[in-house]
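Enquirer: So that we are looking at the same thing, I have put the structure below in C-alpha cells.
Here, each number is a calculation from the coordinates, and none is a lab measurement. It should be emphasised that the depicted structure is a prediction, and the values quoted were computed from it without experimental measurement.
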Amino acid sequence: MRIDHQNARSKISKSFLLLIILFLFSILASCAIKEMIIETPASPEGIWTYPGGSAEPMSMAFYPGGKLVFVGGFKKFNPATWHYDPKTQKLQIKVSNYEKYETDCSGYDDATYACLFYNSKTDVFECKWTPKTKSLSFLGWNFLRK
C-alpha cells in the first residue's frame, strides 16, 4: 500500500484550516450572543417613563451622580436628587417644592414593583429597589424603565 504524502499533507492542511475557521467563527458568534444579552442595571440610572393614558406621558431621568430630572409632568419638583444604597436596597428621592404629607404605599412589597412613599422625618421619598425592579410608582403614576 502506497501513501501519497503530498495528497495527505494537502488534506491535513485543508482540515486544519477548516478547524481554525470554525474556531474563529465560534468566537465571533459567542461575542455576538454576549452583546445580545441584556444585563439588568445595578442602579436606577436611566429614563423611567409613564407612557401616558390618564395623563400625558412623562419621565423621570436618573443621571449618574444623583441628579434627577422630571420631564413632562412633575416639573415643579425640579431640581431633584436621588441616592441608592445597594446594601440596604433603598432608593431615596428628594424633590423640591413638595407639599409635605405622608403618602402610604402599603401592599406593594413585590420586588418587581417599587412603591415610593414620603418620609416626613427625612424629607425624602423612599422605596425598596433591586435590579429586578420593573416599575416605580411615584405619587400614583407607574414609571417603567425605557
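Enquirer: Contour minus end-to-end for Ser10 and Val71, with contour as 0.36 nm per residue of separation and end-to-end as the Cα-Cα distance?
Expert: That works out to 15.3 nm of additional length.
Enquirer: May I pose another question? Would you mind calculating the gained length between Ser96 and Ile27 on full extension (0.36 nm times residue separation, minus the Cα-Cα distance), in nm to one decimal?
Expert: Once the chain is fully extended between Ser96 and Ile27, it gains 19.7 nm.
Enquirer: From Cα pairs below 8 angstrom and at least 6 apart in sequence, can you work out the relative contact order of region 46-145, rounded to a whole percent?
Expert: After rounding, I find 23 percent.
Enquirer: Would you kindly state how much longer the chain becomes between Glu45 and Thr130 on full extension, computed as 0.36 nm times their sequence separation minus their alpha carbon distance, in nm to one decimal?
Expert: 29.4 nm
Enquirer: Another question, then. Determine ³J(HN,Hα), in whole Hz, for all residues of region 122-134 in sequence, where each value follows from phi through the Karplus function 6.51 cos²θ - 1.76 cosθ + 1.60 and θ = phi - 60°; x replaces Gly and Pro.
Expert: Per residue, the Karplus-derived 3J(HN,Hα) values read 9, 6, 9, 7, 10, 7, 7, 9, 10, x, 8, 4, 10 Hz.
Enquirer: While we're looking at this one, here's another question. If you wrap a convex hull around the C-alpha atoms of region 46-145 and split its volume per residue, what is the figure in Å³?
Expert: Dividing the Cα hull volume of region 46-145 by its residues yields 102 Å³.
Enquirer: Using amide H atoms built 1.01 Å from N in the peptide plane, name the residues 5+ places from Val124, or on other chains, whose amide H lies under 5 Å from its own.
Expert: Result for Val124 returns Asn119.
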